[in-house]
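Below: one structure, written as structure tokens.
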Amino acid sequence: MDITKKLLTDCRLCPRNCGADRWKGKGYCGVGAEVKIARAALHMWEEPCISGKEGSGAIFFSGCSLGCDYCQNRSISRGERGKAVTVEKLAEIMISLQEQNANNINLVTAGHYAPQTAEALYLAKEKGLRIPVVYNSSGYEKPETLRLLSGLVDVFLPDFKYLSPELSGKYSRAEDYGARAKEALKEMLRQTGSPCFDERGMIERGVIVRHLLLPGHVEESKRVVEYLYKTYGNQIYISIMNQYTPMPAMSGDPLLSRRVTKREYDRLVEYALSLGVEQGFIQEGETAKESFIPEFNGEGV
């Protein structure tokens, strides 16, 4: 607890380095020191090796250190919704999800609560948590913060949104996103090693990197996929997503006010295959639907 108190007094957990005293107010992430959760339930919409038939035990945390303009989870990413829980309660929620036969514990955007999450994981493991722990993040992370979770997380599921400082600055106000995501991914792989699956095909350890194709930005996506494959090869899986959903905030943007076309997505997938990408996931059919956005009603909290 002393480490948590210190880290949150002058908070520099994320690359924003806002220095907020989160015991007295909110950081750039939109939340204070209290852990806030918007939903904790079985989630069926992750990659097949994460959700499986039973579902992933997804815990959606309130707040976000990145804050993309087009965020699908905008109702919680600004920290405006969610119920405050203690570290002990968070550990109990993890055990409860395991008892519901979740394939894993899926920590969705927990980086700004890394010290508290580490405490909760230690407690949960003492209470019998045995299923894999998945760390599901924007990719905008600091290696030193990720090291707080070393030995506690089995699978990292980061986004790798952009390489272009111009795009990351425009849509996420983070010109350093690409550089930070590169550093974070290197640390994630160091902690887990190459992917490992059980007899059912469910991932037990490793890194799956997600890339969401944005409308009108196929060339940028090609650069991201090329970087990931040429840098890491088969040490990681690459998940290429077409589920971009235009939110009301993007109504005035000439590109991001529409969905990704089939032709755009096909071009990206074909490019990935031409590079030699074999370890990956693609989305088929009409996946850009609001069904991917769950109800953040406090279920399971």
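Screening GLY32, GLY19, GLY27 for residues that are closer than 30 Å to ALA102 by Cα, modelled with pLDDT of 95 or more and in contact with a strand residue (DSSP E or B) (Cβ under 9 Å, 6 or more places away or on another chain) leaves exactly one candidate, GLY32.
Could you please give the count of residues in the range 48-59 that are in a loop (DSSP other than H, G, I, E, B) and either under 17 Å from ALA91 (Cβ atoms) or open to solvent by less than 10 Å² (accessible area, probe 1.4 Å) (or both)?
1
Listed by position, the strands (runs of 3 or more DSSP E) inside the range 78-179 whose residues that are open to solvent by less than 10 Å² (accessible area, probe 1.4 Å) number at least 3 are 105-108, 133-137, 155-158. Does the range 222-230 contain any residue that is among the β-branched types (Val, Ile, Thr), open to solvent by 50 Å² or more (accessible area, probe 1.4 Å) and assigned to a helix (DSSP H, G or I)? Checked against the condition, which is being among the β-branched types (Val, Ile, Thr), open to solvent by 50 Å² or more (accessible area, probe 1.4 Å) and assigned to a helix (DSSP H, G or I), the range 222-230 yields no hits at all.
Let's see how each residue does on (1) among the hydrophobic types (A, V, I, L, M, F, W, C); (2) on the phi > 0 side of the Ramachandran plot:
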{"position": "THR109", "(1), (2)": "no, yes"}
{"position": "PRO115", "(1), (2)": "no, no"}
{"position": "ALA118", "(1), (2)": "yes, no"}
{"position": "TYR122", "(1), (2)": "no, no"}
{"position": "LYS125", "(1), (2)": "no, no"}
{"position": "GLY128", "(1), (2)": "no, yes"}
{"position": "ILE131", "(1), (2)": "yes, no"}
{"position": "ASN136", "(1), (2)": "no, no"}
{"position": "SER150", "(1), (2)": "no, no"}
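Once the range 253-284 is narrowed to residues that are assigned to a loop (DSSP other than H, G, I, E, B) and charged (D, E, K, R), the residue that is least open to solvent (accessible area, probe 1.4 Å) is ASP253.
All conditions in (1) closer than 15 Å to GLN116 by Cβ; (2) of a type outside the set (A, V, I, L, M, F, W, C); (3) outside any strand (DSSP E or B) hold for LYS36, with the sole exception of (3). Quick check on the range 111-141: of everything there that is of a type in the set (D, E, K, R) and over 17 Å from the mean Cα position of the chain (by Cα), which residue is nearest to THR4 (Cα to Cα)? Residue satisfying both the conditions and the ranking: GLU119. Summed over the range 183-202, residues that are open to solvent by 50 Å² or more (accessible area, probe 1.4 Å) and in contact (Cβ under 8 Å) with a residue 40 or more places away in the chain total 5. Is it the case that ARG205 is in contact with a strand residue (DSSP E or B) (Cβ under 8 Å, 6 or more places away or on another chain), open to solvent by 10 Å² or more (accessible area, probe 1.4 Å) and modelled with pLDDT of 95 or more? When the stated conditions are applied, ARG205 passes them. Filtering the range 86-110 to residues that are polar (S, T, N, Q) and over 13 Å from the mean Cα position of the chain (by Cα) leaves THR86, SER96, GLN98, GLN100, ASN101, ASN103, ASN104.
For GLN235, the criteria (1) open to solvent by 70 Å² or more (accessible area, probe 1.4 Å); (2) more than 25 Å from ALA41 (Cα to Cα); (3) touching a Lys or Arg at 6+ places or on another chain (Cβ under 8 Å) hold in every case but one, which is (3). Name the single residue that is most open to solvent (accessible area, probe 1.4 Å) among those in the range 1-38 being more than 25 Å from ALA58 (Cα to Cα), out of contact with any Ser or Thr (no Cβ under 7 Å at 6 or more places or on another chain) and among the acidic types (Asp, Glu). For the range 1-38, the residue satisfying everything is ASP2.
The values are calculated or read from the model by the stated rules, or taken from the named source; none is laboratory data. Note that the structure is a prediction, hence the values are computed from the model and not measured. Every residue, glycine among them, receives a Cβ derived from its backbone with ideal geometry; neighbour counts consider all protein chains shown. Note: accessible area is taken over every heavy atom of the protein model, side chains too, but ligands, DNA and RNA are not part of it. Shrake-Rupley method; radii C 1.70, N 1.55, O 1.52, S 1.80 Å.
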